[in-house]
Amino acid sequence: MPIEQTDKEVILTLPSDPSTSVKVLLHGANILSWTVAGNEKLWLSEGAILNGSKAVRGGVPLVFPVFGKSSSGPTSTLPQHGFARLSTWEFLGQVSASPLTVQFGLGPENVPEVLRKAWDFDFTLIYTISLGADTLETAMRVENTSSVDWDFQILFHTYFHIPDIQQVEVKGLTGTNVKDKVSKSDYSESNTAVTVASEVDRVYENVDDDVLITSAGKARFQIYRKNLADVVVWNPWVNASKNMGDFRPEDGYKSMICVEAGSVSGWTTLSPGQTWECSEKVKSLL
Ligand code: BG6
């Protein structure tokens, strides 16, 4: 069966290769696993809480309608990264057999009441996930179904599984403006490749190139983005990992890197009836 549904998860399996699959938790529409020919491509914390009481630590959490914590405006009453990852999405079903594609939907009626009241606008999100032989494509359609304008930010918070963080390079970011949350400074990226040897938490703004993640000199993931101008690179390293109760094992930072495609350096305004679309395609190269 290419699509399997339980009360909590939806699993897509490639008919031509059953060891290539993607597993989606309805809570947060959070992708928990993506395997290509039996190899896991995403990092999921051993301490991830999957019962709906918290956002999932790992896989691909969805960030909407705010990235991080906003200090002003209507999203300032929301928790960090908004409510999409804290809501249980509706499975809308399969929309294509080749590539194998499913959709999930979220509207105010699915959002926990306290969060819905905190950001009280009408909207529809349609999340489309397509599984290819060596690709995973995620797309979002955002619609303003209310009678007033509202602003949003959005991001696919992808946790990539990698064998050794010290051998990882992220390419395609050279020359772009960086908002560095660790050093609390802004600068232009001068390195031809970004490496990680301490806590990294950076927003790369208006990135033109496709982003490539390499490991031990070998190309591992190629990331193609549409309408997602920004790229966040995050690795909590030793201390920040310890401070997250659901980040396990504590040295799990050695085998993950978040490279997150988003539209987060500014705000997108949607008027009543307007829609906006974005997508990300990750190709596994190794
Ligand atoms: C990243 C942010 O996208 O997400 C970091 O840039 C943040 O600042 C990280 O720490 C994890 O966030 P959370 O809310 O899942 O712990």
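Suppose only helical runs count, i.e. DSSP H with n ≥ 4. What mean residue ellipticity at 222 nm does that imply for the chain under -39500 (n - 2.57) per run, divided by all residues and rounded to the nearest 500 deg cm²/dmol?
The helix contribution divided over the chain gives -1000 deg cm²/dmol.
Over all directions, the average projected area of the alpha-carbon convex hull for the range 159-286 comes to how many nm²?
Hull-based average projected area comes out at 8.9 nm².
What area, in nm² and to one decimal, does the C-alpha convex hull of the range 144-210 cast on average over all directions?
Computing the convex hull of the Cα atoms and averaging its projections yields 6.7 nm².
Specify the residue with the greatest mean-square fluctuation among Q274, Q153, Q94, computed from a Gaussian network of the chain linking alpha-carbon atoms under 10 Å apart.
Most flexible of the set in this elastic network: Q274.
Compute the label zone of T124 within the range 141-155: residues whose backbone N is under 15 Å from the point 7 Å along Cα-to-Cβ.
Within reach of a label on T124: 141-147.
At 0.36 nm per residue, minus the direct Cα-Cα distance, what do Q166 and Y187 gain on full extension? Give it in nm, one decimal, please.
Details: separation 21, 0.36 × 21 = 7.56 nm, distance 2.31 nm.
Value of the extension gain: 5.3 nm.
How far is the Cα center of the range 67-103 from the Cα center of the range 257-286, in Å?
11 Å
Which order results if K54, K218 are arranged by neighbouring Cβ count within 10 Å, fewest first?
K218, K54
Do me a favour and compute the ellipsoid semi-axes for the range 78-130 from its Cα gyration tensor, root of five times each eigenvalue, largest one first, whole Å.
After scaling each eigenvalue by five and taking roots: 26, 10, 8 Å.
Mind checking the full-extension length gain between N243 and T275? Use 0.36 nm per residue of separation minus the Cα-Cα distance, one decimal, nm.
The N243-T275 span can extend by a further 7.7 nm.
Take peptides 198-205, 263-270 and line them up by average Cβ neighbours within 10 Å, highest first, as a rough protection proxy.
So the order, starting with the most tightly packed, is 198-205, 263-270.
With N set to the residue count of the chain, report its C-alpha Rg divided by 2.2 N^0.38 Å to two decimal places.
Ratio of Cα Rg to 2.2 N^0.38 Å: 0.95.
Laboratory data are not the source of any read-out in this text; all were calculated from the coordinates shown. Note that the structure is a prediction, hence the values are computed from the model and not measured. Please note: Cβ atoms are built from the backbone with ideal geometry, for glycine as well, and neighbour counts cover all protein chains shown.
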